[in-house]
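The values are calculated or read from the model by the stated rules, or taken from the named source; none is laboratory data. Computed from a predicted model, the values in this text were never measured in an experiment. FYI the Cβ positions are ideal-geometry reconstructions off the backbone, even for glycines, and counts take in every protein chain you see.
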Amino acid sequence: MFLQSKLPQVGTTIFTVMSRLAQEHGAINLSQGFPDFDTHPRLPELYSRFLFEGKNQYAPMAGLPELRERLAEKISCLYGTQPDPEDEITITAGGTQGLFTAIAALVRPGDEVIYPEPAYDAYRPAVELFGGIAKPMVLNGPDYAIDWSLFRRMLTANTRMVIINTPNNPTGRIFSDDDMQQLSRELANTEVVVLSDEVYEHLVFDGEQHRSILSYPELRRRGFAVFSFGKTYHVTGWKTGYVVAPPGLSAEFRKVHQFNVFSVNTPLQYALAEFLDDPGQYLTLPAFYGEKRDFFLDQIRGTGLKPLPCQGTYFQCCDYTGLSDKDDVAFSRWLLTEVGVAAVPISAFHHQAPEAGILRFCFAKREETLEAAGQRLRRLVG
């Protein structure tokens, strides 16, 4: 049967490919973004308790009220705004589902969506799936700063949505207060919606702080903020997150959410609601992951890999052009098969391959994993 694909340019993602190759070749997998250590033991204990207590039927479509209430308290403490847990917080099956659902709810054929690039690879396909026009605003290393004059030129009467990601995957860059204020000014007299991917909200280093759109009234009133329990609690496979938006946007979001997911894992929601009583589990993450970043940087010292600035996330980008003139896909495959370390080429985060020779490494790993990777990477100049 002949099928005309709605996403003809989309194949298996490079993350899946590199993870499979890493397994086949016995390489250390620093490509796909997941920890190789476990969460705090109390969280699976809570999950198991509620599982065996019979909390196994559908949760309310928007999420358990007690979980949404806990999240409203957390947001109030962190970002100085008190969302209504009934009308403004929706529990999702992970951050990506939240992003997809917001795009599905708001983007119509011909609508333009601006997003900074390099970017998480789920944005563009979701926009195109619903007939939108993806407009990447290409940023340049090493700092990947937003060019606000370029942004201003890209805004048109057809712009429906702006996607931002802070801290940014893959670059590790965070939005400054100036960035947020500038975005507020640029959108003040428009009907543009902001979709803010904030899944790495607690992974910010060197005394910096995460700046959420929830702290900026102009952005708060027109924005979806997307968060991830998986990133926060080292349980990416549990695929649970939440989206915060004003009532009108939340209502449109839930119209789609109820048909593509309806509700999210019930015993897990009970467990998360109780686990949120310990803020230390997320407030200590900047120091925890900052130490891992610094440990990884120590391991790659003298390898010929040049690290780029990393203010947040658990990814470190490195320039390899001092080692090879191969393109990033070819070099990443060579690194995996010949050196035994898997990384992701930066071109995976671009709609058109950039000229820069950069790889992304995930440092959300045990020290022994990072040390073993460092030993192999030092062979590059050995």
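Structure values in brief
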{"item": "Unmet criterion (only one of (1) assigned to a helix (DSSP H, G or I); (2) of a type in the set (Phe, Trp, Tyr); (3) touching a Lys or Arg at 6+ places or on another chain (Cβ under 8 Å)) for Phe37", "result": "(1)"}
{"item": "Test for Gly290: is it closer than 17 Å to Gly33 by Cα and either at pLDDT below 95 or in a helix (DSSP H, G or I) (or both)", "result": "yes"}
{"item": "Any chance Ala72 is farther than 23 Å from Glu367 by Cβ, in contact with an Asp or Glu (Cβ under 9 Å, 6 or more places away or on another chain), in a loop (DSSP other than H, G, I, E, B) and modelled with pLDDT of 95 or more", "result": "no"}
{"item": "Given (1) closer than 30 Å to Lys135 by Cα; (2) touching a residue at least 40 places away in the same chain (Cβ under 8 Å), number of the condition Phe275 does not satisfy", "result": "(1)"}
{"item": "Helices (runs of 4 or more DSSP H) lying entirely in region 134-246 (those with 1 or more residues that are in contact (Cβ under 8 Å) with a residue 60 or more places away in the chain and at negative phi)", "result": "217-220, 229-232"}
{"item": "Every residue from region 233-258 that is in contact with a strand residue (DSSP E or B) (Cβ under 9 Å, 6 or more places away or on another chain) and hydroxyl-bearing (Ser, Thr, Tyr)", "result": "Thr236, Thr240, Tyr242, Ser250"}
{"item": "Exclusive hit being hydroxyl-bearing (Ser, Thr, Tyr), modelled with pLDDT of 95 or more and surrounded by fewer than 18 Cβ atoms within 10 Å (Cβ to Cβ), set Ser176, Ser212, Ser250, Ser228", "result": "Ser176"}
{"item": "Test set (1) part of a loop (DSSP other than H, G, I, E, B); (2) buried (at least 20 other Cβ atoms within 10 Å of the Cβ) - Val10 fails condition number", "result": "(2)"}
{"item": "The lone exception for Ile103 - which of (1) closer than 25 Å to Arg160 by Cβ; (2) touching a helix residue (DSSP H, G or I) at 6+ places or on another chain (Cβ under 6 Å); (3) assigned to a loop (DSSP other than H, G, I, E, B); (4) not polar (S, T, N, Q) it fails", "result": "(3)"}
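Per-residue answers, yes or no, for (1) buried (at least 20 other Cβ atoms within 10 Å of the Cβ); (2) touching a Gly at 6+ places or on another chain (Cβ under 9 Å); (3) in a strand (DSSP E or B):
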| residue | (1), (2), (3) |
| --- | --- |
| Pro309 | no, yes, no |
| Gln316 | yes, yes, yes |
| Lys326 | no, yes, no |
| Val329 | no, no, no |
| Ser332 | yes, no, no |
| Leu336 | yes, no, no |
| Ala348 | yes, no, no |
| Lys365 | yes, no, no |
| Glu371 | no, no, no |
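The rows are residues; the columns are (1) loosely packed, with under 15 Cβ neighbours inside 10 Å; (2) of a type in the set (Asp, Glu).
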site: Lys6; (1), (2): yes, no
site: Phe37; (1), (2): yes, no
site: Lys55; (1), (2): no, no
site: Thr81; (1), (2): no, no
site: Asp84; (1), (2): yes, yes
site: Asp87; (1), (2): no, yes
